[in-house]
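FYI, it's all coordinate maths here, none of it is from the lab. Being a predicted model, the structure only gives us computed values, none of them experimental. Here the Cβ positions follow ideal geometry from the backbone for every residue, glycine too, while neighbour counts run over all protein chains shown.
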């Protein structure tokens, strides 16, 4: 016999079943089995005992379908696979069949795939679909669903074959229980009560059927009354009809009354409907029925409708009724997620302090799961005890993470990063500073798997090596069986030092983390034992073992346990069962919440489910039923609390704009709020709420919430830059807050605020100049072009590098900087020895010297260390090939004209015999200004000169670049690339070159694809210059004596090396009128950048004029760069460390990006758009 108790909501339906339990219950007699969803068992147990008025009972058990069936199997002396064990078997099946899969050929290797596919097949089995029934439906399915199901059927069959060889899994246990129900004595002598299910799978209905046929009595609570005019948007109606169709012997109780026919049900429903209608009729004037709203108020208590009952009845019905003057409902919206949670925290403090509620009287329903962490963090600041039930997987535990880090290292022996992940795990070391030094040593020496087998040169780190070596030895067995891997894992877990570190680490954890990690050790051991039991002596590579172990750990979910009985409980809308409480905050009600959406299953999408439902292979619950069930839970929640707060954040946790959910919009309409009328709850706790009133201790307590929060409030105010008119108000606030702060925290804060007429930034460091730019013995400040460029690239980066001296550790890998150094050094050595022989040197001589230079540079000890790594060796050999080709191309390029290398690695500013660049600066000493000098020092890669017969001598600055750095007028203007102009200035100050005219300055871009899999080009005649060229005729011929390629058009030149497509020489008499009109305009406008006001009418530029700079232009740039350097000195002296990069794209490769957020603070200087600006004056 199955007794179905139906009512309007969960609370009432469960109440009827509990009444039945009270009637049947007698201590120490028949068993009473309560079956509820697994996640509800703890709350249901409390509810049952409270309803009976007892603290405990020996003959009452609260269980789930799974536990009831498993207990039966256990009583028979048998066991079954845990869910984790089943997932691990599934992973083994997937690995064995991976090559046969088509739809899932790529995704089957994903870590969570085994768990996902297991859940999908489990749902198919629970819904009663065999591989055969699925195959029969294939021809009628949509093509994408059909493709997916073919792979699933293949895995389904293989899985069934696999578990037939081992212990049964959960569904097999269900089937065994159903088949053996005749012998289930415990069920035969028990009363069974089924509560908390709004939807049921086919397998669960089958279990209910056999239980009801053999138990003394079976009762089930359903929140749906048959025949009632229910809201189809919220009520799961199919469960009742499916139960009635499956089970013949049933009794129906509608709203607590036994009904023997449909007529009786109709009478009960009609009476309820009439009662509600009478209340509505009494509350509204029939002639006013056409109005937009009805006033729902009356003095007659007989006809009063509770506002929450009204909301339950009308929500999601799209009703035009309105309940005005609500007292138990408040809706609001906040600017963002954090403000929303702060508002809740402040209100809870007020409710507890002023209205005598307990924390346990309050429940928060969070509709957006990703906000749970923020709730914990913010509530901790307010001192509010809160319990956020978290379902975490075993893969997140300390011990599992340690095991996987070791296994991944064994799997990838040459991957230094895998080794470091293991070595830096807190279960490996005692002293973090020591292990960091060891990490640096590993990177520097490029230590890999084999290197741990023999002693290190540095004995300090040998203790670490021995520890790593002993762990490696556990896996160095001839036979790679499953038992070998599990035995190694057991030894690691059981290691004495590991246990001690584990205990020490847990001491600093929260109670939830402590409990989770303690339990995880036993569960990992259970999983390892289960792997042994399933796979035993089977041989397996470590990759498959990792995948099986990981699948098992990811399938094992652990639910946290509250550490405080008096705490605020956080539940998920639609996913948590809360039976009754006083106050509810429902937050995160955006259109992304689960009231408006169903989160797609990773295997079966809503599209798949529709297609399968149309072909009689539906998976229950259906997608539509899931949304309906979530909305039902939301509506049902309204019957369980006395007061509600509903809210949504206008911005998501990612900063994206949100929309309120349908539920919140419905509530707003039903309580008579206007379309855009969302107030802020946080506003009554803001600083503005204190303005213009006489402040009392009560006001401050409301604003501060708690003394713990006072510290954070003070910090917030101190970061404000306020108007002078509010100075007195804020000063008073600060002084009052200061009294609430603990004495030990007062030392870390100031009790003043910054006042100004407008907003300003305060990103300065005192005495920055003294430890970023040093002085020489003559009192001159010493700096370099690199330092100035770095400052203009980003002041914060300059501060970190030159101020704090923070540098990236040396690594035993080939980095772009390593490549640049190697190439520079080889080129320097080669040209120092051959610069005077360029014209007479044969190819054979050149090749011999190339090899000598390569051999010399590559003999360096650090480069030889790099060769230990096979991957490094491959790339280094490629670099050699690249260098050979580069030098050959450089020789060809030099021989094209009369320019010849004159200086290699020419230094300036280091001694009295070298050229000096001295920039006049103003230094501040003891608050007074004083004239000072900034001396720049540096080295120029290569200086080329050409000396022509007519006395027109030119000089060129060349800087080798293996990266993508480019030179432009715009990048000079903002100080990002001033290097070449400074180098040119140094040459102009050198006595040897004072008479030379600037010919060109350029980065010579060398190839930078050394670490990429690309074919080398055998011969590249043209090298890529990025810089500026003087268009004087003699200079053109000096660069390339064969520049005239077409005798018929002898006055037209092209310079592809500089990306100059066309230069044309004309006599003024031959120039068109329009060019004559433009004669007095500056030639060197550079797309609007005015750098030269000299007239050169004899040359017209039809190509890239941005590459052309005359003598006057070079002079202008030198003067401008001097000003830039002086300005940089001034700003550094002022202590500027703004996080203000020239280009946010540079942040991607910055060594300090993890400790800075440049997007928050852009300097005005850097906001100049150098690409679209029409005029940048370099002279003013």
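When only Cα pairs below 8 angstrom with a gap of at least 6 residues are kept, region 83-167 shows a relative contact order of 40 percent.
Can you tell me how region 857-905 classifies by the Cα gyration tensor, rounded, prolate or oblate, using a/c under 1.5 as the rounded cut? Since a/c reaches 1.5 but b/c is at least a/b, the shape of region 857-905 is classed as oblate. Computed on the Cα atoms alone, the convex hull of region 155-268 gives a volume of 136 cubic angstrom per residue. Residue order for 108, 436, fewest other beta carbons within 10 angstrom first, comes to 436, 108. For region 126-268, the relative contact order comes to 20 percent (Cα pairs under 8 Å, sequence separation of at least 6). Shape descriptor for region 83-167: Rg over Rh equals 0.94 (Cα atoms; Rh from the Kirkwood inverse mean 1/r). Taking the Cα atoms of region 383-444, the ratio Rg/Rh between the radius of gyration and the Kirkwood radius comes to 1.15.
Is the shape of region 2-44 best called rounded, prolate or oblate, per the rule: a/c under 1.5 gives rounded, else a/b larger than b/c gives prolate, else oblate, with a ≥ b ≥ c the square roots of the Cα gyration tensor eigenvalues? The shape class here is oblate. Shape class for region 396-559: oblate, because the ratio a/c of the largest to smallest gyration tensor axis (alpha-carbon atoms, square roots of eigenvalues) is 1.5 or more and b/c is at least a/b. Taking the number of Cβ atoms within 10 Å of each Cβ as an exposure proxy, the fewest-first ranking of 1, 906, 90 is 1, 906, 90.
This ranking places 786, 680 by how few other beta-carbon atoms lie within 10 Å of each, fewest first, which gives 786, 680.
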